[in-house]
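The values are calculated or read from the model by the stated rules, or taken from the named source; none is laboratory data. Source: prediction; values computed, not measured. A quick note on method: Cβ atoms are made from the backbone with ideal geometry, for glycine too, and the neighbour counts reach across all protein chains shown. Each accessible area value is taken on the protein alone, full model and side chains, heavy atoms only, with ligands, DNA and RNA left out. Shrake-Rupley method; radii C 1.70, N 1.55, O 1.52, S 1.80 Å.
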Amino acid sequence: MTEPGEVRRRWLAAGLFGSTMLPARKAAADVTPLAGVDASRATVSFPGATTPIPLSDALKERCSLRSFGAKLDGATDDSAAVARAVAYARANNVPVFHPGGACLMAGEAAEIDTHGVAFVGVGMDDVAYPYGRSGSQFWITDTARSPFRLGGGGAFDGLVFFWPNQSNHEDAPLPYPPLFTAAAHARAVDISIRSCQVTNAFDFLEVSAPGTVAGGIFISDCRIFALRNCFHFVTVPEVLMIENNLFSYAVFRHELLRGAGGGKQAEGKFRLRDYTANQGCWFLLTGDGTPEKASSTVGGCIIASNNYVLGYRYGIRVQGGFCSIARLTSTHFDAVSTVLGVDPGGTLAGVQILGSLFYSFNAGDPQAAHPAFSIRDPSPDNHGNPVCRLSVTDCEFGFVSGAIFDIEGVNVSEVKISDCKLTRHAHTATPGTYHALRIAAPNAKLTFSNNDILPASRLGSGIRIEAVKWASVTGNTFEGCAAPIELAGTAGRILLSANLSSATRGPRSVVGAGTAFVLDAANAWDKPAPPGAATR
């Protein structure tokens, strides 16, 4: 009978615990197979461990992809081996271990059910061209089905997901299915994605099938490079925590120019970057709301902190859905044309954005002049009442190509903008007038306080109020505006107090047809107060 020590050595060399555990001279190709060997008494000792454990226990504790037939060579379709490993891991309550290499997912066993299974890799370090050469890689080439289907429970840690065929295509990127998806009427809950890199994805995570419930999704310390949508939900998950991540197309800069690889340039054209700049969205929420009817999909909570989002057309886009609760803190949007867009029929309730930086310009179209925040005809609540509420505090805006806030609709309820640096908007040569804030919302309560307003060009102006329920505009500074305050309508009560203006380009600091309906108190305007305004 073969001695237990020899059995242990052969099993380790065969890659049951990853090829890195033995010196090069003990490579698997040099070891005799163990067919027919009795390993029931064998034990295994790990480096630095004080007590050997039975080999059978060690096998259960670490379910390596190589043990289930994965070649990890980037040429052989390993998806069936992954499915076998997942089934074993779920049955024995152990994680699936990816020991490193390129696990090709070509579609033989697509949409692998990952519920109740943890995937563990050796970490991510795949940031320079050519990609797909380091770490625990999953190479994805199936253009018909998603590689992984989420369910109840699941974790992904220290992995790299790579689409090797996604390159600088002339017309548009290849429309791969999302990396993670969920089946209809399923429960995509209790999911953790940590310390992973996603390189060249078209869509990252989508839960949009009918009747699917999502919640308890935690994403942290990842680098996610997705071209179209990073997140796509019909209903906001009950809890979605997004912390300490980088979201971008920026990795393609090396892919296009071959900066580290010395290859041929792609005619100097950043097609992938430009696609994302004009089509991409960090968080897309869809639903069936209209400006007269609430969406049937309501609920959820987004908590995002310490993230960096680069290069998308939209940050958050509410497209007919109901974003009921969201709190973004230190989540910075760079070269994102519209940080928050609410389309007709979408709405917000209890959305707070704090301590973040926004540089809202289009990297693919320098002539574009989109508003940084756009709310257009949101839906009411289920009782037909105005419900759309937004609060933005302690944020800084720079190089905004168009207006900063552009808000309209009878179902806007509350808008609070305070302690923000609203500078360098109207950063464009495209003709027009671009305001720090334009609001036409007759049922809205507006608080606009302690902000600094400074346009980047003569196309920029201060705030324009067309309709509100009431507005308190206090403690702001306006510099270089055509008019700091423009009151274009007569609806609503408006207080202007303790504001200061300088270098106003027009003849008056406060202009418009609604000036007679304003209480102008203790302001330091550099141009005359509006004639007929009530003053103190």
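At-a-glance table
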read-out	value
Among (1) open to solvent by less than 10 Å² (accessible area, probe 1.4 Å); (2) modelled with pLDDT of 95 or more; (3) in a loop (DSSP other than H, G, I, E, B); (4) not polar (S, T, N, Q) - the single one Gly132 does not satisfy	(2)
Check on Arg194, over 25 Å from Arg313 (Cα atoms), within 16 Å of the chain's Cα centre (by Cα), of a type outside the set (A, V, I, L, M) and open to solvent by 30 Å² or more (accessible area, probe 1.4 Å)	yes
Single residue of Asp171, Asp142, Asp190 found to be assigned to a strand (DSSP E or B) and either farther than 21 Å from Pro99 by Cα or among the aliphatic types (A, V, I, L, M) (or both)	Asp190
Contacts under 6 angstrom Cβ, first residue in region 510-524 being under 14 Å from Asn476 (Cβ atoms), partner part of a loop (DSSP other than H, G, I, E, B), 6 or more apart	Val510/Pro530; Asp520/Ala529; Asp520/Ala533; Ala521/Arg536; Ala522/Ala498; Asn523/Asn499
Test: residue in region 298-307 that is modelled with pLDDT under 85 and part of a strand (DSSP E or B)	yes
Any hit, region 90-104, residues being in a helix (DSSP H, G or I) and either under 30 Å from Asp274 (Cβ atoms) or of a type in the set (Lys, Arg) (or both)	yes
Residue tally, condition under 25 Å from Asn165 (Cα atoms) and among the β-branched types (Val, Ile, Thr), over region 66-119	4
Given (1) closer than 30 Å to Asn93 by Cα; (2) out of contact with any Asp or Glu (no Cβ under 8 Å at 6 or more places or on another chain); (3) open to solvent by less than 40 Å² (accessible area, probe 1.4 Å), index of the condition Gln166 fails	(1)
The lone exception for Gly398 - which of (1) open to solvent by 30 Å² or more (accessible area, probe 1.4 Å); (2) within 23 Å of the chain's Cα centre (by Cα); (3) on the phi < 0 side of the Ramachandran plot it fails	(1)
Subset of region 207-231 [modelled with pLDDT of 95 or more and either surrounded by fewer than 21 Cβ atoms within 10 Å (Cβ to Cβ) or out of contact with any strand residue (DSSP E or B) (no Cβ under 9 Å at 6 or more places or on another chain) (or both)]	Phe218, Ser220, Asp221
Among the candidates Ala368, Ala277, Ala363, residue that is buried (at least 19 other Cβ atoms within 10 Å of the Cβ), in a loop (DSSP other than H, G, I, E, B), among the hydrophobic types (A, V, I, L, M, F, W, C) and out of contact with any Cys (no Cβ under 6 Å at 6 or more places or on another chain)	Ala363
Residue in region 513-525 that is farthest from the chain's Cα centre (by Cα), counting only those that are open to solvent by 40 Å² or more (accessible area, probe 1.4 Å) and at pLDDT below 95	Ala516
Residue match in region 483-491 (condition: touching a strand residue (DSSP E or B) at 6+ places or on another chain (Cβ under 8 Å) and more than 27 Å from Val387 (Cα to Cα))	yes
Qualifying position, being open to solvent by 70 Å² or more (accessible area, probe 1.4 Å) and either out of contact with any strand residue (DSSP E or B) (no Cβ under 9 Å at 6 or more places or on another chain) or modelled with pLDDT of 75 or more (or both), among Thr43, Thr51	Thr51
Residue selected from region 305-344 under the condition open to solvent by less than 30 Å² (accessible area, probe 1.4 Å) and polar (S, T, N, Q), by the criterion nearest to Val412 (Cα to Cα)	Ser324
Residue match in region 446-460 (condition: crowded, with 21+ Cβ neighbours inside 10 Å, at pLDDT below 95 and small (Gly, Ala, Ser))	yes
